[in-house]
Amino acid sequence: MLAQPPLSLYVHIPWCVKKCPYCDFNSHEFGARSELPQTDYVAALCRDFDSDYALACEGSSGGRAIHSVFIGGGTPSLFEARAFDDLLQYIAKTQTPGWLHSQELEITLEANPGTLEAGRFAEFRAAGINRLSIGVQSFADAQLKKLGRIHDSTQARRAIESARSAGFDNFNLDLMHGLPEQTLAAAMADIEAALSFEPPHLSWYQLTIEPNTVFFSKPPPLPKESLLTSVQDAGHALLAANGFEQYEVSAYARDSQRQSRHNLNYWQFGDYLGIGAGAHGKLTLADGGLPRRTRKQRQPENYLRAAPAFTAQSSPIPEEDIALEYLLNTLRTRKGFTRDQFEARTGQPYSTIEGRVASLIDRGLLSDSRAAGAAGTTVTTTERGFRFLNTVLEEFV
Amino acid sequence: MTDLSHIRNFSIIAHIDHGKSTLADRFIQHCGGLTQREMAEQILDNLDIERERGITIKAQSVTLYFDSKDGRRYQLNFIDTPGHVDFTYEVSRSLAACEGALLVVDAGQGVEAQSVATCYTAIEQGLEVLPVLNKMDLPQAEPERVKTEIEEIIGIDATDAVCASAKSGLGIEDILEEIVAKVPAPVGDRDAKLQALIIDSWFDNYLGVVSLVRVVAGRLKKGDKIIAKSLGKAHVVDSVGVFTPKRTETQSLAAGEVGFIVAGIKEILGAPVGDTLTLASTPEVEALAGFKRIKPQVYAGLFPVSSDDFEAFRDALSKLTLNDSSLQYEPENSDALGFGFRCGFLGMLHMEIIQERLEREYDLSLITTAPTVVYEVLMSNGDIVLVDSPSRLPPVASIEEMREPIVLANILVPHEHLGSVITLCVQKRGVQRDMQFVGKQVSLSYELPMNEVVLDFFDRLKSVSRGYASLDYQFLRFDKASLVRLDVMINGDRVDALALIVHRDHALGKGRALVEKMKELIPRQLYDVAIQAAIGGQIISRQTVKALRKNVTAKCYGGDITRKKKLLEKQKAGKKRMKQVGNVEVPQEAFLAVLKVDS
């Protein structure tokens with residue numbers, strides 16, 4: 001029987017000033033003249049939350065604690081702070097008193113430089129948001145232009161400084177590498193620039209060309225694979241030399257306390273509510289059945305139209321996919337997983353994957369340690385396995 | 001039962017795409033064999049693959065009743081013939097059941113080698129050949145030129161050739177009248193002892209083996225106890241009839257007639273094509289001439305990509321042989337590919353068809369090794385060994401002499417491509433025997449080593465002549481040749497399934513080209529992959545597939561899971577068509593890389 005894992009909440013804000021050519025997330029440009037339907041959207045989010053939260057708690061005695069909130073997009077920082085204040089206050093009513101301002105609760109907001117008026121930071125902070133994820137991507141103006149970003153490096157620097165002065169001691173910088181025509185030196189310069197702000201957390205990820213994007217149909221001139229590999233190695237070394245620990249494929253933190261709790265919950269195959277247009281959720285119900293997935297209408301207009309009559313809709317993850325989904329997440333982390341954790345989160349005996357794990361260990365792509373006895377066996381991805389994670393995961397398809 | 005004088009048995013000789021099937025459909029339509037609704041297009045090509053490729057593999061027949069303008073009603077038995085170079089024996093048996101044949105030639109394209117060869121067989125067997133110019137509705141039709149070609153290349157009078165268009169219906173009735181007027185009626189003593197030719201046999205899931213037969217003498221009735229001369233085992237005839245083209249029981253067939261019989265025979269080998277049927281009570285009746293046991297000309301190893309599929313593969317092969325007695329197979333064990341079968345085919349087309357049917361109808365994923373012909377090896381101790389697989393070649397030290405099969409290839413090609421065709425033949429170690437200019441075409445005869453022909457000759461011939469050259473070939477003899485085994489090694493390990501027997505003079509070039517091609521075909525892996533070609537202990541060529549540097553998805557958050565999963569599934573599906581050889585994933589195409597190299 002499947003135990004209920006910790007529960008997080010993801011909130012999606014589906015609008016951007018301009019869609020970036022590499023982005024395959026559910027984001028929609030809104031015309032400069034039109035006003036965002038902020039009030040209606042928050043109302044819809046509240047209704048969405050009500051029905052999904054009720055589903056998540058079905059059969060449990062009392063409610064379920066929400067351990068983290070992530071407001072992503074799109075560009076959530078386009079909304080005013082009071083929108084989030086209203087939403088968070090609404091959610092707080094389902095949680096224990098003092099939830100919203102507790103130390104343990106991580107509430108992240110994605111913010112794009114260029115959409116942020118300095119004044120808003122303090123208001124976001126006051127609404128209970130205690131972590132910012134700032135989409136810097138690069139500190140080189142020419143690169144930012146190629147990536148279709150609306151901000152320049154000056155705005156990026158200013159955004160980081162304002163965040164800090166508004167009291168955000170916990171923030172993340174999103175930084176990309178492998179950008180069109182990027183050199184090794186340029187990629188390192190971007191990291192150096194980011195490091196100069198002493199960020200507690202960095203998401204340093206390689207630009208990937210995804211289907212259904214402008215870059216997919218008109219590919220930019222990307223660096224050669226050998227250069228990409230050199231950048232990866234050099235960047236990793238530079239970050240390590242500066243005290244950053246890679247705890248997931250693309251996530252680095254200087255202090256384990258500053259790892260993203262919300263993202264870690266995904267990577268540990270925890271539960272999450274997904275509300276907002278196009279949001280996905282994963283819920284384990286108290287009935288002990290297979291974990292379920294929820295998803296919402298992608299088009300903001302459809303989502304808003306459907307809102308008054310929301311009822312939670314979910315479908316079980318097919319049994320044969322659960323182990324793969326679990327590994328798809330946990331093997332991305334340095335810590336990997338233990339045998340007990342695997343069984344608790346998937347409800348399947350470890351023996352379903354044991355043989356394949358063993359053969360990947362033989363191939364030097366995974367490793368295991370038996371320090372804590374057989375039941376506590378920890379399986380982790382090796383350095384080599386991190387390079388070829390897709391090859392590792394393919395074994396479990 | 002129709003009186004002998006009112007029967008006409010005929011075939012159609014035509015090159016692929018020259019319109020045989022469409023013409024046959026017109027005949028059926030004209031004689032009212034089927035209603036419009038039943039007239040599914042091109043009824044005679046039954047298999048999907050036949051329909052797609054526009055070629056006939058199994059012979060079919062149809063009995064039609066034609067009211068001639070002479071006021072009489074004739075029974076016309078049309079016996080279809082397989083239309084490819086690989087099936088010459090089957091063609092000769094179909095022709096043996098006829099007194100006449102239509103030579104259908106595309107009035108725009110002219111005569112092609114395949115038709116010429118079949119036509120010669122027909123003439124040798126004494127058939128009356130009636131030329132028909134088809135596709136007369138097309139603007140590029142040049143009837144006069146094509147008539148000249150028919151006369152000069154084949155040597156039959158084409159003055160009266162019927163101009164027709166199976167597409168528009170032009171000349172259909174004229175052709176039928178020509179058949180009645182010019183094709184001789186069959187002869188045969190209906191009171192003599194039974195003698196019937198098996199034109200073709202196939203397996204029907206409900207009836208067992210169905211044979212198409214031409215009764216040469218006597219009568220064949222339901223309830224008769226019959227034997228096939230070469231086997232002698234008695235069977236009782238359950239049903240007798242004709243195809244109109246629907247299967248219609250008639251109780252009996254008499255000399256001169258063509259129809260089917262079902263006699264409770266369980267295996268197609270129980271009713272071999274070309275064999276003679278007679279009554280069990282008259283075993284002394286003479287066998288008809290021309291019966292041959294079919295021998296495969298080309299061998300290749302077929303292996304399931306997944307070893308779990310071995311049993312399914314065995315079942316599929318045994319089902320296919322129910323209907324195809326020319327397909328032979330025996331288990332083969334490869335170090336690289338595991339358990340599979342060494343299969344013998346009539347030729348390359350036959351091999352492709354079987355492979356396609358196995359993959360399509362039986363959903364198997366297979367690896368085919370490079371096709372090879374049968375070599376004759378004279379051992380030092382005087383023994384002669386036949387070798388149908390490079391990996392079974394005896395040790396060099398014990399070989400006195402190697403002999404390769406030589407074929408006589410007849411090629412017809414338009415003037416403008418003559419040069420490139422000759423170059424190709426020379427490159428393939430051909431020796432010219434004859435060259436004649438006929439109209440716009442040149443008729444070339446070459447002696448060629450069969451292994452050069454079976455590999456990629458036909459494709460190359462088509463490509464150097466822009467599709468215009470046509471080819472027919474037959475086995476001549478074994479010739480002494482300087483042959484060596486070319487081995488391919490992947491990461492230092494000899495891969496038995498990739499070995500080839502090649503001429504010594506070509507070994508170096510072939511080795512280089514092969515290794516280069518394989519480098520293109522083998523995808524990058526986690527390690528460097530070294531591909532080498534070697535003769536004996538000597539490495540003659542090497543290429544390296546550089547290791548993949550990384551293979552990891554940068555971003556993965558809650559909402560992405562489904563997409564990431566799909567990506568992995570796609571990646572995995574790509575690998576399903578690969579075989580693990582040692583540490584290396586080798587795609588199916590790489591095992592046939594030799595077919596794709598120019599040397």
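All of the numbers you see were taken from the coordinates with simple rules; none came from a lab. Treat the numbers as computed from the prediction; the structure is a model and nothing was measured. In this analysis, Cβ positions are derived from the backbone assuming ideal geometry, glycine residues included, and neighbour counts consider all displayed protein chains.
Taking amide hydrogens as placed 1.01 Å from N in the peptide plane, the amide H of A:Gln268 sits under 5 Å from that of no residue at least 5 positions away in sequence or on another chain. Taking θ as phi - 60° and the Karplus parameters 6.51, -1.76 and 1.60, the scalar couplings of region B:171-185 work out to x, 4, 5, 4, 4, 4, 5, 4, 4, 4, 6, 10, 6, x, 6 Hz in sequence order, x denoting glycine and proline.
Give the calculated FRET efficiency between B:Lys462 and A:Glu301 to the nearest 0.05, with a Förster radius of 60 Å applied to their Cβ-Cβ distance.
About 0.55, to the nearest 0.05.
Here B:Lys69 is the anchor, and the aspartates and glutamates within straight C-alpha reach of less than 12 Å, apart from those fewer than 8 places off in the same chain, are B:Glu173, B:Asp174, B:Glu177, B:Glu178.
Could you tell me which trypsin sites (Lys or Arg not before Pro) in region B:69-133 are loop residues by DSSP with no more than 14 other beta carbons within 10 angstrom of their beta carbon? Qualifying residues, ordered by number: B:Lys69, B:Arg72. Backbone amide hydrogens, once placed in the peptide plane, bring A:Ile13 within less than 5 Å of A:Gly72, A:Gly73, excluding anything fewer than 5 places away on its chain. Summing charges over all other residues whose Cβ lies under 11 Å from the Cβ of B:Gly208, with Lys and Arg as +1 and Asp and Glu as -1, gives -2. Checked against a 23 Å cut-off, the cross-linked pairs B:Lys546/B:Lys572; B:Lys266/B:Lys319; A:Lys218/A:Lys296; A:Lys218/A:Lys282; B:Lys519/B:Lys572 give Cα-Cα distances beyond that limit for A:Lys218/A:Lys296; A:Lys218/A:Lys282. Between the listed residues B:Ile294, A:Pro199, B:Leu408, the Cα displaced farthest toward the positive end of the dipole of the protein assembly as shown, a dipole computed from Cβ unit charges relative to the Cα centre, is found at A:Pro199. Restricting attention to chain B, close to 85% of DSSP beta bridges with both partner residues there are antiparallel.
Would you work out if chain A is rounded, prolate or oblate? Take a ≥ b ≥ c from the square roots of the eigenvalues of the alpha-carbon gyration tensor; rounded if a/c is under 1.5, else prolate when a/b is larger than b/c, oblate otherwise.
oblate
Would any residue of region A:190-212 have its amide N under 15 Å from a label point 7 Å out along Cα→Cβ of A:Ala142? List them or say none. Answer for region A:190-212: A:190. Based on Cα contacts under 8 Å between residues 6+ apart, chain B shows a relative contact order of 10 percent.
Between the amide H of A:Ile107 and those of A:Val69, A:Asn130, A:Arg131, distances stay under 5 Å, these residues lying 5 or more places away or on another chain, with hydrogens modeled in the peptide plane.
Among the DSSP beta bridges whose two residues both lie in the protein assembly as shown, what percent are antiparallel, rounded to the nearest 5?
Among the beta bridges of the protein assembly as shown, antiparallel pairing accounts for roughly 70 percent.
Note on B:Lys570 and A:Gln89: the model spin-label points, each 7 Å out from Cα along the C-beta direction, lie 4.6 nm apart. Only Cα pairs under 8 Å and 6+ residues apart enter the sum, and on that basis the relative contact order of region A:110-263 stands at 21 percent. For region A:162-205, the residues whose amide N sits under 16 Å from a probe point set 7 Å from the Cα of A:Ala241 along the beta carbon direction are A:184-196. The helix-only estimate of mean residue ellipticity at 222 nm for chain B, built from DSSP H runs of length n ≥ 4 each weighted as -39500 (n - 2.57), is -7000 deg cm²/dmol after division by the residue total. Spin-label model, B:Glu249/A:Glu80: points 7 Å from Cα along the beta carbon direction are separated by 9.1 nm. Quick check: net charge around A:Thr352, other residues with Cβ under 11 Å of its Cβ, Lys/Arg +1 and Asp/Glu -1? That works out to -3. Using a Förster radius of 60 Å, what is the FRET efficiency between A:Glu319 and B:Thr2 based on their Cβ-Cβ separation? Nearest 0.05, please. For A:Glu319 and B:Thr2, the calculated efficiency is 0.35.
Beta bridges per DSSP, both residues in region A:7-266: antiparallel share near 20 percent. Projecting label points 7 angstrom from Cα along Cα→Cβ for B:Glu311 and B:Asp479 puts them 4.9 nm apart. The B:Ser445 and B:Leu207 beta-carbon pair, evaluated with R₀ = 56 Å, returns a calculated FRET efficiency of approximately 0.80.
Rounded to the nearest Hz, the phi-derived 3J(HN,Hα) couplings of region B:463-470 under the Karplus curve 6.51 cos²θ - 1.76 cosθ + 1.60 (θ = phi - 60°) are 6, 6, 10, 6, x, 8, 6, 10, where x marks glycine and proline.
Return the loop-located chymotrypsin sites (Phe, Trp or Tyr not before Pro) in region B:157-222 (DSSP other than H, G, I, E, B) with at most 13 other Cβ atoms within 10 Å of their own Cβ; answer none if there are none.
Counting only loop positions with at most 13 other Cβ atoms within 10 Å, the chymotrypsin sites (Phe, Trp or Tyr not before Pro) in region B:157-222 are B:Tyr206.
Given their separation in residues at 0.36 nm each and the Cα-Cα distance between them, B:Arg73 and B:Asp493 gain 144.0 nm when the chain is fully extended.
Checking every one of the chymotrypsin sites (Phe, Trp or Tyr not before Pro) in region B:329-374 against DSSP loop status and a limit of 16 other Cβ atoms within 10 Å picks out B:Tyr362.
Computed on chain A, with alpha-carbon pairs under 8 angstrom and 6+ residues apart, the relative contact order is 19 percent.
Each part gets one Cα centre, and for region A:1-80 versus region A:158-182 those centres are 22 Å apart. If you take all other residues with their beta carbon under 13 Å from the beta carbon of B:Gly155, and give Lys and Arg +1 and Asp and Glu -1, the sum is -4.
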